[in-house]
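Heads up: the structure comes next, in structure tokens.
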Amino acid sequence: MNKDQIKGRVEEAKGKVKEVTGKILDDDEMELEGNIQKNVGKVRAGFGDLKDDIKQGK
């Protein structure tokens, strides 16, 4: 695993927690922030996956 994959998955997890917390607290802004953070994490992890694939020659 490379740095982008790890950081992306961490951001994805933090975003999911924030999103669920927003739902529980009925805080639409927090829920939206969590959703955005989760998706940014997914993109970063995907970028890390792509870098890893290129490095391995796939």
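Collect the residues in segment 5-58 that are open to solvent by less than 70 Å² (accessible area, probe 1.4 Å) and of a type in the set (Asp, Glu), keeping them in residue-number order.
Glu11, Glu12, Glu19, Asp27, Glu31, Asp49, Asp52, Asp53, listed by residue number.
Checking Gly8 against (1) touching a helix residue (DSSP H, G or I) at 6+ places or on another chain (Cβ under 6 Å); (2) assigned to a loop (DSSP other than H, G, I, E, B); (3) not basic (Lys, Arg), which single condition isn't satisfied?
(2)
The values are calculated or read from the model by the stated rules, or taken from the named source; none is laboratory data. Note that the structure is predicted; figures quoted are calculated from it, not measured. So basically every Cβ, Gly included, is an ideal-geometry build from the backbone, and we count neighbours across all protein chains shown. Surface accessibility is based on the protein's heavy atoms, side chains included, excluding ligands, DNA and RNA. Shrake-Rupley method; radii C 1.70, N 1.55, O 1.52, S 1.80 Å.
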